[in-house]
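Trainee: This is the structure I have questions about; it appears just below.
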Amino acid sequence: MSKATEKIRVASPDERYGKADAAWRKSAIRKTVRARLGEMAPGYERCMYCGESRGTSVDHFEPVARNPLRTFDWLNHLLACTTCNSHEKREQFPVDEDGNPLLIDPTAEDPFDHLRLTLTLGVYRSRTPKGQATINVFGLNKPGLVKGRMHARKVVTSALRDWGRAHERDRADEMLEHVQTVQDQPMADVCQSMLREALSPGADVVFSESLDLLVLLRREDLRSALLR
Ligand SMILES: [Zn+2]
């Protein structure tokens, strides 16, 4: 990738974008990057932005048109679905008044520092301006995604309770199956959020109607199985 970047760097600034765009389209590197990202994506190669649809293409977090020199930068590649890549984000890359990016960079930042998922509603609230810009650009609170998160919460809750019952009966094979169910779910952010909320100071309030679930979410053995 550094060789490919070098070829773009030697072009004049005006020609860099055209060169970078053409090089990316025909490069075999694209397929390799796509395959690696697929292995790293949650569940069945889910989109790294919405977590719902299958990731089908490599998105340049910082658009090639804005910074051609990051076309072949591994840390600028994310697996995205067609909706997030081509319909929501497109070439958008908002910056603040000092020129700093306003989108959360998931390769460098923890999205939960900027966003909070209200589990009962499936809706994201922003903690920071970056969180708000990310919600807007990716349409994170679209009705389809909100419904999907509420459904994911039900599936995860049910699988975790099944895990608890299998644990009582000492059925390791079944426990593994229930963990797999959670991991194969779209919208991995829902389970991640549940695991975090369970350790937060307000957990007793968030899980007031499902304290059995809170006990499960705080179990070290279950947490490490889910986070593996
Ligand atoms: Zn997506």
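The values are calculated or read from the model by the stated rules, or taken from the named source; none is laboratory data. Since this is a predicted model, take the numbers as computed values, not measurements. Every residue, glycine among them, receives a Cβ derived from its backbone with ideal geometry; neighbour counts consider all protein chains shown.
Trainee: So, in the stretch 110-130, exactly how many residues are touching a helix residue (DSSP H, G or I) at 6+ places or on another chain (Cβ under 6 Å), within 16 Å of the ligand (Cβ to nearest atom) and either outside any strand (DSSP E or B) or in the same structural domain as Ala35 (by TED's automatic domain parsing) (or both)?
Mentor: 1
Trainee: Any idea which residue in the stretch 179-191 is surrounded by the most Cβ atoms within 10 Å (Cβ to Cβ), counting only those that are in contact (Cβ under 8 Å) with a residue 40 or more places away in the chain and under 14 Å from Leu216 (Cα atoms)?
Mentor: Looking at the filtered set, the residue picked out is Val182.
Trainee: Could you say which residue among Ala41, Ala65, Ala133, Ala80 is crowded, with 18+ Cβ neighbours inside 10 Å, away from the ligand (no atom under 16 Å from the Cβ) and not assigned by TED's automatic domain parsing to the domain that holds Leu199?
Mentor: Ala133
Trainee: Within the stretch 136-149, which residues are in a helix (DSSP H, G or I), surrounded by 14 or more Cβ atoms within 10 Å (Cβ to Cβ) and not β-branched (Val, Ile, Thr)?
Mentor: Once the filter is applied, which keeps residues that are in a helix (DSSP H, G or I), surrounded by 14 or more Cβ atoms within 10 Å (Cβ to Cβ) and not β-branched (Val, Ile, Thr), the stretch 136-149 yields Asn136, Phe138, Leu145, Gly148, Arg149.
Trainee: Inspect the stretch 99-109 for any residue being under 17 Å from the mean Cα position of the chain (by Cα), within 16 Å of the ligand (Cβ to nearest atom), without any contact (Cβ under 8 Å) to a residue 24 or more places away in the chain and surrounded by 16 or more Cβ atoms within 10 Å (Cβ to Cβ) and give the result as yes or no.
Mentor: Scanning the stretch 99-109, I find no residue that is under 17 Å from the mean Cα position of the chain (by Cα), within 16 Å of the ligand (Cβ to nearest atom), without any contact (Cβ under 8 Å) to a residue 24 or more places away in the chain and surrounded by 16 or more Cβ atoms within 10 Å (Cβ to Cβ), so the answer is no.
Trainee: Is it fair to say Arg70 is more than 10 Å from the ligand (Cβ to nearest atom), surrounded by 16 or more Cβ atoms within 10 Å (Cβ to Cβ), farther than 16 Å from Thr32 by Cβ and among the basic types (Lys, Arg)? Steps first, answer last, please.
Mentor: Details: more than 10 Å from the ligand (Cβ to nearest atom): yes; surrounded by 16 or more Cβ atoms within 10 Å (Cβ to Cβ): yes; farther than 16 Å from Thr32 by Cβ: yes; among the basic types (Lys, Arg): yes.
Taking the combined requirement at face value, the residue satisfies it.
Trainee: Name the pairs: first residue in the stretch 161-178 and closer than 13 Å to Arg219 by Cα, second residue exposed (fewer than 14 other Cβ atoms within 10 Å of the Cβ), Cβ to Cβ under 8 Å, at least 6 apart or on different chains?
Mentor: What qualifies is Arg161/Asp212; Gly164/Asp212.
Trainee: Looking only at the stretch 30-83, which residues are closer than 12 Å to Met187 by Cα, part of a loop (DSSP other than H, G, I, E, B) and not aromatic (Phe, Trp, Tyr)?
Mentor: Passing the criteria: Ala41, Pro42, Gly43, Glu45, Cys47, Met48, Cys50, Gly51, Glu52, Ser53.
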